[in-house]
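Structure first, commentary second.
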Amino acid sequence: MIGFARSVAVCAALLSPTAGAVTLDFESLASEFSVGVGRTYSEDGFTLSVVGGGGAGFVVMGQNQAPYTGSTALYLNLLNITAVLTQDDGASFSISEIKLSPLNGIAVTVSFLGTLSDGGTVSQAFTTADGFTLQTFEFDPSFTDLVTLEWDQVSPAHQFDDLVVTSDVAAVPLPPTLLLLLGGLG
């Protein structure tokens with residue numbers, strides 16, 4: 001009977017869609033040399049956009065470039081322009097971590113501003129160490145229910161990778177009739 005109860009629980013979990021964390025890792029953009037990506041980039045239901053800077057956009061750090069960190073990372077190819085992260089369907093989302101590395105080996109502070117669905121904002125800044133190593137930074141738990149997350153490319157410049165994001169769409173409960181059916185199978 002315990003095996004059956006476990007089977008019912010597994011079926012319920014599989015049939016109930018839940019929001020799971022995804023990592024925006026840019027690996028589909030891997031290249032030997034730095035390549036322009038454009039002013040927008042989409043992956044796993046999220047979009048990064050560039051605000052300002054005319055034709056400036058995202059660039060992928062090439063594997064044969066000196067600042068390559070061992071993982072495909074993006075950077076903005078002009079100073080004083082802004083990267084903006086949104087979810088494609090307009091729903092709110094959360095971010096729990098990001099990896100950052102200096103672009104020129106000099107420590108950099110990157111400030112993030114999140115706009116909440118109620119119009120409020122949250123902010124947090126991370127400072128990297130010198131060198132060309134991606135460092136993981138964890139966002140404060142207040143970075144939930146975001147409609148946008150933005151940050152600027154300032155001097156010294158930085159590259160970013162592995163944004164761990166989660167859709168804030170609530171799990172959809174199973175219809176009561178399906179729960180009764182699953183229970184009745186016992």
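The values are calculated or read from the model by the stated rules, or taken from the named source; none is laboratory data. Here the structure is a predicted model, which means the values were calculated and not measured. Using ideal geometry, Cβ is built from the backbone for each residue, glycine included, and neighbour counts are taken over all protein chains shown. All accessible areas refer to the heavy atoms of the entire protein, side chains included, with ligands and DNA or RNA removed. Shrake-Rupley method; radii C 1.70, N 1.55, O 1.52, S 1.80 Å.
Any residue in the range 114-122 that is modelled with pLDDT under 95, open to solvent by 70 Å² or more (accessible area, probe 1.4 Å) and not aliphatic (A, V, I, L, M)?
no
Please go through the range 39-56 and pick out each residue that is over 19 Å from Ile98 (Cβ atoms) and not charged (D, E, K, R).
The answer is Gly52, Gly53, Gly54, Gly55, Ala56.
This table checks each residue for (1) in contact with a Gly (Cβ under 6 Å, 6 or more places away or on another chain); (2) modelled with pLDDT of 90 or more; (3) not charged (D, E, K, R).
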| residue | (1), (2), (3) |
| --- | --- |
| Phe4 | yes, no, yes |
| Ser31 | yes, yes, yes |
| Arg39 | yes, yes, no |
| Ala56 | no, no, yes |
| Ala66 | no, no, yes |
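Regarding the range 145-153, can at least one residue be identified that is of a type in the set (D, E, K, R), open to solvent by 50 Å² or more (accessible area, probe 1.4 Å) and closer than 23 Å to Leu78 by Cβ? Can you show your working first?
Narrowing the range 145-153 to residues of a type in the set (D, E, K, R): 145, 150, 152.
Subset that is open to solvent by 50 Å² or more (accessible area, probe 1.4 Å): 145, 150, 152.
Adding the requirement that they be closer than 23 Å to Leu78 by Cβ leaves 150, 152.
Scanning the range 145-153 turns up at least one residue that is of a type in the set (D, E, K, R), open to solvent by 50 Å² or more (accessible area, probe 1.4 Å) and closer than 23 Å to Leu78 by Cβ.
For the range 73-92, name all the residues that are more than 18 Å from Phe137 (Cα to Cα) and either crowded, with 17+ Cβ neighbours inside 10 Å or small (Gly, Ala, Ser) (or both).
Leu76, Asn77, Ile81, Thr86, Gln87, Gly90, Ala91, Ser92, listed by residue number.
Here are some residues: Gly70, Gly20, Gly45. Which one is in contact (Cβ under 8 Å) with a residue 60 or more places away in the chain, closer than 26 Å to Gly131 by Cα and open to solvent by 20 Å² or more (accessible area, probe 1.4 Å)? Spell out how you get there, then give the answer.
Working: Gly20 fails: closer than 26 Å to Gly131 by Cα; Gly45 fails: closer than 26 Å to Gly131 by Cα.
The unique qualifying residue is Gly70.
Within the range 115-157, work out how many residues are more than 16 Å from the chain's Cα centre (by Cα) and under 21 Å from Glu27 (Cβ atoms).
2
List the number of the failed condition for Gly55; all other conditions in (1) exposed (fewer than 13 other Cβ atoms within 10 Å of the Cβ); (2) in contact with a strand residue (DSSP E or B) (Cβ under 9 Å, 6 or more places away or on another chain) hold.
Evaluating Gly55 over (1) exposed (fewer than 13 other Cβ atoms within 10 Å of the Cβ); (2) in contact with a strand residue (DSSP E or B) (Cβ under 9 Å, 6 or more places away or on another chain) leaves (2) as the failure.
For residues in the range 123-138 being at pLDDT 95 or above and among the aromatic types (Phe, Trp, Tyr), which is surrounded by the most Cβ atoms within 10 Å (Cβ to Cβ)?
In this case the residue turns out to be Phe126.
Can you tell me which residue within the range 93-109, out of those that are modelled with pLDDT of 95 or more and small (Gly, Ala, Ser), is most open to solvent (accessible area, probe 1.4 Å)?
Filtering the range 93-109 for residues that are modelled with pLDDT of 95 or more and small (Gly, Ala, Ser), the one most open to solvent (accessible area, probe 1.4 Å) comes out as Ser96.
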